[in-house]
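Nothing in this text is a laboratory measurement; each read-out follows from the coordinates by a stated rule. Just so it is clear, the structure is predicted and the values come from calculations on it, not from any experiment. A quick note on method: Cβ atoms are made from the backbone with ideal geometry, for glycine too, and the neighbour counts reach across all protein chains shown.
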Ligand SMILES: Cc1cc2nc3c(=O)[nH]c(=O)nc-3n(C[C@H](O)[C@H](O)[C@H](O)COP(=O)(O)OP(=O)(O)OC[C@H]3O[C@@H](n4cnc5c(N)ncnc54)[C@H](O)[C@@H]3O)c2cc1C
């Protein structure tokens, strides 16, 4: 059984130089860490890297290649590849004999987080998201999955599959010097993918959209000046040293807020 | 021009997930603006969606492959401008799979959608959230995975036809569930939780934190704390949020008896929604909170727990089928 890990490069946010050098994206490294531990557990023969991106990514990809990858392929699909096109291009580049693909969660720059599922659809494979570990259960492969609100699941893994590593801090992976030197000299094969007609066009950039703010209703019994003071203070204000929380139904208003955001459903 | 919109949601015993609610809310607004008819594809169990719906389907399976296959069949008529899903794991997977099936554009984290000059414009965060980008869909339907952080509209009565049951053309085996556990508010990592109920000196002691734990349990969240509360020995150090503690970004952060010192704020100010309870109307936390309550934690928190329990009990009795006492 062989496995593939999807890799991306992003500008190094910690670099002080301009332009910032490119490094392997944190979520890609998390996927690589998961892939390496799974390789041992499932006795996978080969673990290869696969990346869709421009030639400028190569130095960052070589750093990843040095982390015990058995090879790496870069796919060139032009600058406009969207999720569907990227999934199709990557699927075409997955070597025969591969039964597991590891992907990171949403890329840190402008990732949609939809690529692993789209890739699974192109390949006709199953997909499991938010995977924290791969292990053997009764001698068969299983995955540990992080669900919403502290739920943890152990699922039987049906191969072939695309696994998306749960977001989290990137593992500290250090290459051996010999691997690093070999990766610098390695030839990275490039596959060309001719994209379909574009499906999306960027119309422009603007400022980040503002966060919605909620102001609680001021007490209905308060005088106008007091109501204004309550509004300006961003919530319910004290009246002559006494809080008015209980009488004005603050708990109800907080519960309304939580309910509107879906946090009061049964079983949460 | 096609004049329909499809919304994909998952129904369940607790009603609509807030992320699916955001998708419904954006789709309803879009339908009003464009005069489009609303269609719903509900997976799992039936749920009453707010607003007026033209057609509804119910798919008992909650497998994204089956949902994508059925949504592709529904939209095959070519009448749909957009398909909306929520940012739930199922919504994302179904959105990605459907885009591949239809060969259509898909955009995630969508904060706004509008028709302009007969083209569909979608706005999503860009450059790690510091900017927003507007994209134009060059092919329809566009698959719109709606940001969970948009402001949802006022609740509205539901006018939805009885959903017609769908029998999937293909049966997909869901992965076998071998085990499931839920972490308690004291086990859950603060950095991972969707809801953090955090306390500071104003909580008054370990008993106060027990109360916060009860509230966090009700909300499926984790307990967080300020450094002062940790230094006083009321909670363990792994709960500390701030400059010398953990950086958290939950969807909901409830700050109880916390002054909002910069060292603390640095660790939580990127939270989706910040609510604060403090007796001091001029405390710093109110300047970064989305909702502020001037009140005593020891009064507001028990009242909130009681209110949540009351609403859940009410919802449970409303769901009880007639004649279930037999
Ligand atoms: C180098 C350095 C690093 C630091 N790192 C961190 C860090 O990582 N995290 C961190 O949290 N702090 C950190 N601090 C400490 C920080 O500066 C503040 O001292 C601390 O956050 C204050 O904690 P507090 O809000 O619990 O307490 P206080 O500032 O004492 O505030 C208590 C608040 O509770 C309110 N209150 C009192 N009684 C009630 C009641 N019954 N109901 C409701 N409200 C009530 C009060 O009005 C007050 O606003 C750091 C400080 C330094 C110097």
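Remarks
- From the C-alpha gyration tensor of region A:61-167, square roots of 5λ in Å: 24, 17, 15
- Region A:2-192: antiparallel DSSP beta bridges as a percent of all, rounded to 5: 35
- Taking the helices alone, the protein assembly as shown has a mean residue ellipticity at 222 nm of -8500 deg cm²/dmol, built from -39,500 (n - 2.57) per DSSP H run of at least 4 residues and averaged over all its residues.
- Shielding by partners, peptide A:80-86 (average Cβ within 10 angstrom, other chains): 4
- Rounded is the label for region A:2-192, because a/c, from the alpha-carbon gyration tensor with a ≥ b ≥ c as root eigenvalues, stays below 1.5.
- Multiplying the residue separation of residue B:299 and residue B:207 by 0.36 nm and subtracting their alpha-carbon distance yields 31.8 nm.
- Two-site FRET efficiency, residue B:158 against residue B:180, from Cβ-Cβ distance with R₀ of 41 Å, rounded to 0.05: 0.85
- Centre separation in Å (Cα based) which lies between region B:227-276 and region A:83-152: 33
- Percent breakdown of C-alpha pair distances by 20 Å bin, ordered from the shortest bin, for the protein assembly as shown: 19, 51, 28, 2
- Antiparallel %, DSSP beta bridges [both residues in the protein assembly as shown], to 5: 35
- Rounded if a/c under 1.5, otherwise prolate or oblate - region B:4-166, Cα gyration tensor axes: rounded
- Distance-filtered residues of region A:48-91 - backbone nitrogen under 11 Å, label point 7 angstrom along residue A:184 Cα→Cβ: none
- Where both bridge residues fall in chain B, DSSP classifies roughly 20% of the beta bridges as antiparallel.
- Stretching the chain fully between residue B:249 and residue B:119 yields a gain of 43.3 nm (0.36 nm per residue, less the alpha carbon separation).
- Compared with the direct C-alpha span, the chain from residue B:62 to residue B:187 gains 42.1 nm at full extension, assuming 0.36 nm per residue.
- Quotient of Cα Rg and 2.2 N^0.38 Å for region A:1-89, N being how many residues it contains: 1.14
- Per-residue shielding of B:169-182, expressed as the average number of other chain Cβ atoms within 10 Å of the residue Cβ, stands at 5.
- Peptide packing: for A:135-143, B:49-57, A:174-182, the average count of neighbouring Cβ atoms within 10 Å per residue gives the ranking B:49-57, A:135-143, A:174-182, highest mean first.
- A Förster distance of 51 Å, applied to the separation of the beta-carbon atoms of residue B:236 and residue A:1, puts the FRET efficiency at 0.75.
- Shielding of B:292-304 by partner chains, average beta-carbon count, 10 Å: 6
- Efficiency of FRET between residue A:70 and residue B:263 - r from beta-carbon atoms, R0 51 angstrom, step 0.05: 0.65
- Among B:305-316, A:9-20, B:221-232, the order from most to least packed when residues are scored by Cβ within 10 Å on average: B:221-232, B:305-316, A:9-20
- Put simply, when B:131-139, B:293-301 are sorted by average Cβ atoms within 10 angstrom per residue, most first, you get B:293-301, B:131-139.
- Taken along its three principal axes, the alpha carbon spread of chain B comes to 65, 58, 38 Å, from the longest extent down to the shortest.
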